[in-house]
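Here is the structure we will look at, set down as structure tokens.
The values are calculated or read from the model by the stated rules, or taken from the named source; none is laboratory data. No experiment lies behind these values; they were computed from the predicted model shown. Cβ sites come from the backbone with ideal geometry, for glycine too, and all protein chains shown count toward neighbours. To get the accessible areas, we keep the full protein, side chains included, count just its heavy atoms, and leave off ligands, DNA and RNA. Shrake-Rupley method; radii C 1.70, N 1.55, O 1.52, S 1.80 Å.
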Amino acid sequence: MAYSFPEEVLEHVFSFIQSDKDRNAVSLVCKSWYEIERWCRRRIFVGNCYAVSPDIMTRRFPEVRSVELKGKPHFADYNLVPEGWGAYVYPWIAAMAREYPCLEEIRLKRMVVSDESLELIARSFKHFRILVLASCEGFSTDGLAAIAANCRNLQELDLQECEVDDLSGHWLSHFPDTYTSLVSLNIACLSSEVSLSALERLVARCPNLRSLRLNRAVPLERLPNLLYGAPQLIELGTGVYSAEIRNDVFSSLTDAFAGCKNLKGLSGFWDVVPAYLTAVYPICSGLTSLNLSYASIQSEDLVKLVSQCHNLQCLWILDYIEDSGLDALAMSCKDLQELRVFPSDPFAPEPNVSLTERGLVSVSAGCPKLQSVLYFCRQMSNAALVSIARNRPNLTHFRLAIIEPRSPDYLTQGPLDSGFGAIVQHCKELRRLSMAGLLTDRVFEYIGTYAKKLEMLSIAFAGNTDLGLHHVLSGCENLKKLEIRDCPFGDEALLANAAKLETMRSLWMSSCPVSFGACKLLGQKMPRLNVEVIEGDLRTQGPKTVRLRSFTYTGRLLGQGLMHLILFGQWMKKWH
């Protein structure tokens, strides 16, 4: 079979295989397929930048056009990774500059990106088209200016939740006057003012622009001019959505939105003046995505807005929507697939809004296509979780965050084990799960028994003994990422399930009773694992990181300090 077709035919067939997992499987069939697959691989995804070296990647796949890299673990979003930990992208860019002159696309997440890295990208890849930086840091608008000035074929510049040093708002003027290829621009994370005249000229001369996400510094009065210049937009992120109430501003804004007949996604809406919200009503029926996670809009106005969006598939919103707004959502948006509800004031001692488990139950009953949920609230019950599981067995992602750790079922004052047990038992396709509240080892037994397709699990302040971790590691055969914080899981379960760790992408254990000796033994026992130990309170001590191939000890001896364990997957073999 392996030798029955010419190499050209197999290469053409392989080009239709898009899944990384399937491409990896193809390369293992025989040596011939391995060689053909390595030469025709055009896209690489490295889920952990320390799982493989840049040189190994470029030797293995010499004709790559697109590279996606992930750096720091997910817990970096909560300031639980020390400054200087790593994930520097420059060695990767340098290797790609040497070996991939035809590279067209780079996507980075939680990486440290310097201006020098961006300048090297701008100089090295003459066909470069796409740069996506998500939750990255270390660069400034000078680096962005180099990209703008030199990447003449750039189609997408996407800055998602990045920390950018805004040295000048004039970097947009570095795009040449002859530049017209822009398709997507996201500058929402920038904090300083941008050159509005340069932005308007850029938007007006790019006829293929489909996605534009502005930062907070773009005033509402200038938004109509941008929309008149790009009526073909499909996605729009507004700037600040407030201004002195004037009839001429409202009229021009309404006309501009009405002219954008292809709009499918809206976001932004900082500092909303409710009187201007009705300007978007003409295009609401066509929206499939609405991100109001930065919009302080009260429940009454949210209900009016959401009730207009009958084709909505994705909604990100603050808890200002309250239970009554979620009831309206359930009634109006039957195509909803993803819901994320964020807290407006998570540190308030008392609830500032009327949002409970009832709103989520209502959405689960009223939205038959719902698959993904992220929900912050202050109370939950087993009865509500059971209802959600029975209403929506098609859930693939379920993340619940209860503001107060170890909160029990508020009706019975017992643990929430049976509720989450119902989620994993009924939702057979569940891929991602985050749990909160009072939980015992029993819930981990449910997970190990029923969550056979689970790929990522995040837990905190849960469990009683090592048995909980043992249930998860021994039972969840498809588990790729496990994040644990402040749980009583120690040496025994970790060492007993060491072989499982080689099949995973990463394990993060923070503030757990894992001993230094067990970590060292694990590093010796499993040489293909990259094991790192950080001792000390990361939030106050900030130790520096030095990483070795199989075992790293990071930090100072602080007596009763917190122990953090990072376990990454196989050093050279994991290609997710």
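Over region 200-302, accessible surface divided per residue gives 40 Å², non-protein components excluded, 1.4 Å probe.
Computed from the alpha carbon positions, the gyration tensor of region 397-460 leads to an equivalent ellipsoid with semi-axes of 19, 12, 9 Å, biggest first.
Excluding ligands, DNA and RNA, the accessible surface per residue across region 398-454 is 40 Å² with a 1.4 Å probe. Would you mind getting me the FRET efficiency between residue 78 and residue 7? Use the beta-carbon distance for r and R0 = 51 Å, nearest 0.05. Plugging the Cβ-Cβ distance into 1/(1 + (r/R0)^6) gives 0.55. Here the accessible area is traced with a 1.4 Å probe on the protein chains. For region 257-353, carbon and sulfur cover 53 percent of it. As a ratio to 2.2 N^0.38 Å, the alpha-carbon radius of gyration for region 105-210 is 0.96. Scanning residues 5 or more positions from residue 401 or on other chains, those with amide H under 5 Å from its amide H are 375, 376, 377, with H placed 1.01 Å from N in the peptide plane. Taking all protein chains as they are arranged and a probe of 1.4 Å, the heavy atoms of residue 310 leave approximately 100 Å² accessible to solvent.
Since only 423, 362, 450 are under comparison, the one whose Cα sits farthest along the positive direction of the charge dipole of the chain, derived from C-beta charges on Lys, Arg, Asp and Glu, is 450.
Here the relative contact order of region 212-257, from alpha carbon pairs under 8 Å that lie six or more residues apart, stands at 51 percent. Of the peptides 321-330, 179-188, the ranking by mean beta-carbon count within 10 Å, highest at the top, reads 321-330, 179-188. The rule of thumb for compact globular proteins, 2.2 N^0.38 Å, goes into the C-alpha radius of gyration of region 158-247 1.05 times.
Which of 374, 285, 267 sits farthest toward the positive end of the charge dipole of the chain, with +1 on the Cβ of Lys and Arg and -1 on the Cβ of Asp and Glu? With unit charges placed on the Cβ atoms, the residue in question is 374.
Seen through its C-alpha gyration tensor, with square-root eigenvalues sorted a ≥ b ≥ c, region 454-514 comes out prolate because a/c lies at 1.5 or above while a/b is bigger than b/c. Summing Cβ point charges (Lys, Arg +1; Asp, Glu -1) relative to the Cα centre of the chain gives a dipole of roughly 1780 debye.
Can you find, among 484, 495, 471, the residue farthest towards the positive end of the dipole of region 461-524? Put +1 on the C-beta of Lys and Arg, -1 on that of Asp and Glu. Towards the positive end, the residue furthest out is 484. With respect to the cross-link table entries 31/520; 500/520; 480/525, which display a Cα-Cα separation exceeding 25 Å? Listed pairs above 25 Å: 31/520. For the chain, what proportion of DSSP beta bridges, expressed in % and rounded to the nearest 5, is antiparallel? Rounded to the nearest five, the antiparallel share is 15 percent.
How large, in Å, is region 234-369 by the Kirkwood hydrodynamic radius built from its alpha-carbon pairs? After inverting the mean inverse Cα-Cα distance, the result is 15.2 Å.
In the chain, the calculated helix contribution to ellipticity at 222 nm averages -9000 deg cm²/dmol per residue, counting -39,500 (n - 2.57) for every DSSP H run with n ≥ 4.
Could you work out the percent of alpha carbon pairs in region 293-363 separated by over 18 Å, rounded to a whole number? Of the Cα pairs, 30 percent sit more than 18 Å apart. Applying Stokes-Einstein at 10 °C and 1.306 mPa s to the Kirkwood radius of region 333-401, computed over alpha-carbon pairs, gives a translational diffusion coefficient of 127 µm² s⁻¹. Where Rh is the Kirkwood radius over the Cα pairs of region 1-52, the temperature 20 °C and the viscosity 1.002 mPa s, what D in µm²/s does Stokes-Einstein return? Rounded to a whole number, D works out at 183 µm²/s.
Accessible surface for region 26-122, divided over its residues, is 39 Å² per residue with a 1.4 Å probe.
Counting only Cα atoms, the chain measures 70, 62, 56 Å along its principal axes, largest extent leading.
Accessible surface of region 10-67, 1.4 Å probe: 59 percent of it comes from carbon and sulfur atoms. Take every pair of alpha-carbon atoms less than 8 Å apart whose residues are at least six positions apart; their mean separation over the length of the chain yields a relative contact order of 8 percent.
Legend: Rg and Dmax of region 26-130, from Cα coordinates, 14.8, 46 Å. Relative to the globular-protein estimate of 2.2 N^0.38 Å, the Cα radius of gyration of region 442-482 stands at 1.02. For region 408-420, putting each phi into the Karplus relation 6.51 cos²θ - 1.76 cosθ + 1.60 with θ = phi - 60° gives couplings of x, 4, 6, 8, 10, 6, x, x, 9, 4, 5, x, 5 Hz, in residue order, rounded to whole numbers and with x for Gly and Pro. Site pair residue 31 and residue 486 shows an inter-label distance of 5.6 nm when each label is modelled 7 Å from Cα along Cα→Cβ. Of the solvent-accessible surface of region 356-498, computed with a 1.4 Å probe and all protein chains present, 50% belongs to carbon and sulfur.
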